[in-house]
Amino acid sequence: MSPPIFPHLLDPAHFEGEVDGRPTALYLLRNPRGMVVAITNLGAKVLQIVVPDRDGGLDDVALGYDCLAGVLGGSPSMGAFVGRYAGRIGGARFTLDGREHRLTPNAGAHCIHGGPRGARHRAFEATQTDTQTLVLRHRFLTAEDHFPGTLDLQLTYRLDDDNALVIEHEATALDEPGPASFTSHIYFNLDGVRNGQRIDGHVLQVPQAHTVLATGADGIATGGTVSLDGHVHDLRSAKRLGALPDIDLSYPLEPSTTGNARLCAQLRSEASGRTLDVWTTEPLLQVYTAGQLGVAEQPDIGKWGVRHRPRSAVCLEPQHFPNAPNCPALPQNTVAPGRPYRGTTVYRFGVA
């Protein structure tokens, strides 16, 4: 029996163009069960994920845009693969081996998500090796983003037969060492994104996290942690998101004893029955309920003309520790020649 067909897939022709002299395109990954994931090489952005609900009905559960102009004019983090350093670096500067490195501020006085020349703004080289696999590559240069060292990134998106999107990256330093942290910034709404509804009926659990990172002004990590005992955002047991204030917090995870990916978050929708299990090798999970999405004066218009609004999605972003280069007490992730940085995150969809 042929898999069901979703009639509203993004059109690759609407993403053909050029950014910084590099071609842009849209790639569709499909598995035998009818799941489809649409990815543009601009920012390696996941712009559409089509999966079934409890009754077998297909819908799109990832916020995104329907053309290149929408991606360029919209939220730069929407669906992006973020790097070369995810999260905020305080004061847009840090010191490594006694040498200060000054970055370009793009969040007030701070640098966020790799700066204005980070991965989310760049057109990757892309090769679709089969119907379920996309390989993207990008070279980060100090002259462009002001981080130390030349860093080669190979990123693979693979759609498995069990409705899991597997994201694997390998970053290799070619000359001098430097910090790196990558993450996937997909905006999920398991009820479907075509009606613009909120995620209040979603239930989230982060079972392995016992603390969150302490932050100071502008949400900058200070190097300390705060216990989740009695915390309003203690997610060790499942909580309905509509009962919680906005979340934009870093949850350190229990270390993996094997080095393999372990379960770090479980999300489910009471309405659609869709579930999302997140597995990762990364040491921290950033949880963001999109409280700042679409608050600018200029509307942020996504697919089907839907206006993106606060709390219309949740982001589950495995990564390394934000602002760690300025916080010696936090675990560091310095990539050096001969010591590549590899990571795997799996977003597995199901129904309950």
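Assorted remarks:
- Selection status of T156, without any contact (Cβ under 8 Å) to a residue 60 or more places away in the chain, in contact with a His (Cβ under 8 Å, 6 or more places away or on another chain) and part of a strand (DSSP E or B): yes
- Applying a threshold of 6 Å to beta carbon distances and a minimum spacing of six or more residues, or different chains, the list of pairs starting in region 124-136 at a residue that is farther than 7 Å from T156 by Cα and in contact (Cβ under 8 Å) with a residue 60 or more places away in the chain and ending at one that is part of a strand (DSSP E or B) and open to solvent by less than 70 Å² (accessible area, probe 1.4 Å) reads F124/L136; F124/H138; A126/L136; Q128/Y27; Q128/L134; Q132/L29; Q132/L159.
- Selection from region 191-202 of residues that are of a type outside the set (D, E) and crowded, with 17+ Cβ neighbours inside 10 Å: G192, V193, G196, R198, I199, H202
- Of the strands (runs of 3 or more DSSP E) lying entirely inside region 207-307, the ones with 2 or more residues being within 19 Å of the chain's Cα centre (by Cα) are found at 211-215, 248-252, 262-269, 274-280, 284-288.
- Cross-chain or 6+ apart pairs with Cβ under 7 Å, region 182-195 first and over 10 Å from S312 (Cα atoms), then aromatic (F, W, Y): F182/F81; S184/F81; R194/W304
- For region 82-92, the criterion of being modelled with pLDDT of 95 or more, open to solvent by 10 Å² or more (accessible area, probe 1.4 Å), under 20 Å from F321 (Cα atoms) and over 17 Å from the mean Cα position of the chain (by Cα) is satisfied by at least one residue.
- Take the conditions (1) farther than 28 Å from P4 by Cβ; (2) over 13 Å from the mean Cα position of the chain (by Cα); (3) in contact (Cβ under 8 Å) with a residue 40 or more places away in the chain; V51 misses just one of them, which is (1).
- So G79, is it under 18 Å from the mean Cα position of the chain (by Cα) and either under 25 Å from P318 (Cβ atoms) or β-branched (V, I, T) (or both): yes
- All positions within region 247-271 that are open to solvent by less than 10 Å² (accessible area, probe 1.4 Å) and under 12 Å from N189 (Cα atoms): L267, S269
- Index of the failed condition, G338 passing every other in (1) closer than 30 Å to T95 by Cα; (2) surrounded by 21 or more Cβ atoms within 10 Å (Cβ to Cβ): (2)
- Residue among A119, A62, A44 that alone is touching a residue at least 60 places away in the same chain (Cβ under 8 Å), open to solvent by less than 20 Å² (accessible area, probe 1.4 Å) and on the phi > 0 side of the Ramachandran plot: A44
- Hey, L330 part of a loop (DSSP other than H, G, I, E, B), open to solvent by less than 30 Å² (accessible area, probe 1.4 Å) and farther than 30 Å from V71 by Cβ or not: yes
- Any chance G21 is modelled with pLDDT of 95 or more, at negative phi, open to solvent by 10 Å² or more (accessible area, probe 1.4 Å) and not aliphatic (A, V, I, L, M): no
The values are calculated or read from the model by the stated rules, or taken from the named source; none is laboratory data. Keep in mind that what you see is a predicted model, and the values were worked out from it rather than measured. Here Cβ is always computed from backbone atoms with ideal geometry, including for glycine, and neighbour counts include all displayed protein chains. Please note that ligands, DNA and RNA were not included when accessible areas were found on the heavy atoms of the full protein model with its side chains. Shrake-Rupley method; radii C 1.70, N 1.55, O 1.52, S 1.80 Å.
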